[in-house]
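The values are calculated or read from the model by the stated rules, or taken from the named source; none is laboratory data. The model shown is predicted, which means the values in this text are computed figures rather than measured ones. Quick reminder, even Gly has a Cβ in these numbers, built from the backbone with ideal geometry, and neighbours come from all protein chains shown.
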Amino acid sequence: MKVLLIKDVYKLGRAGDVKKVADGYGRNFLIPQKMAVLATPGAIKTVEHIRSKAAEKRVILNEEMSVVAKALEKVQLSFGARAGETGKLYGSITSQEVVDAIQKKTGYGIKRQQLDMQPLRTLGEHTVHIRLTMDLIPEIKVTVFREGEAEPSLPFEVPAPKVEEKRPAEQPTEQPPEPDGKAEPAA
């Protein structure tokens, strides 16, 4: 079945394109959602009009969403999860969990369908793409770290914070020598 797209459809095409799609996809989804019409000779005559209107809408939408895209590019999320020795998670970090974390951190309401990601099942840093529009697709960094069973490996990571704790501890140790220094001249 050939259809004329009225709206931009992700992974299919932009408004004004004539595409060949499966009959069920066109009849049951694209046409009822008013994303496409049958590609009849009369409809094809309106292609330029549809493209120009869609281009105007696309420009306005991209301008509005560019602020959101800039804010989202700065977002870095962290999730603690239980994992095995090989780094595979016992569960997974789902797109809904990522959307909830973005909502909590930025306040922007994003649908989980806008995320281009499979459930995260390994430790480490992952890149997640967010489809705001056809042209604006910011990336965010999602870090999955070990939690729970990771306590045996924590002693290797703990010395670094202890070194940082010693730095503030060094400042108080500098203060006691001052009274000791005062005590020495007094003696």
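How many residues does region 43-60 hold that are more than 25 Å from the chain's Cα centre (by Cα) and either surrounded by 11 or more Cβ atoms within 10 Å (Cβ to Cβ) or touching a residue at least 40 places away in the same chain (Cβ under 8 Å) (or both)? Give the derivation first.
Step one: of region 43-60, the residues more than 25 Å from the chain's Cα centre (by Cα) are 43-56.
Subsequent filtering for residues that are either surrounded by 11 or more Cβ atoms within 10 Å (Cβ to Cβ) or touching a residue at least 40 places away in the same chain (Cβ under 8 Å) (or both) retains 43-44, 46-47, 50-55.
Total meeting the criteria: 10.
Go through (1) modelled with pLDDT of 90 or more; (2) in contact with a helix residue (DSSP H, G or I) (Cβ under 7 Å, 6 or more places away or on another chain); (3) within 30 Å of R121 (Cα to Cα); (4) of a type outside the set (V, I, T) and name the single condition D100 misses.
It fails just one condition, (2).
If the requirement is being at pLDDT 90 or above and not assigned by TED's automatic domain parsing to the domain that holds T127, which of these qualifies: K11, K88, K20?
Result: K20 is the single residue among K11, K88, K20 that is at pLDDT 90 or above and not assigned by TED's automatic domain parsing to the domain that holds T127.
When region 3-31 is examined, which residues are found to be outside any loop (DSSP other than H, G, I, E, B) and surrounded by 14 or more Cβ atoms within 10 Å (Cβ to Cβ)?
V3, L4, L5, V9, G13, V18, K19, Y25, G26, R27, F29, L30
Look through T86, T133, T127 and report the one residue that is touching a residue at least 24 places away in the same chain (Cβ under 8 Å) and among the polar types (S, T, N, Q).
On the way: T86 fails: touching a residue at least 24 places away in the same chain (Cβ under 8 Å); T127 fails: touching a residue at least 24 places away in the same chain (Cβ under 8 Å).
Unique residue meeting the criteria: T133.
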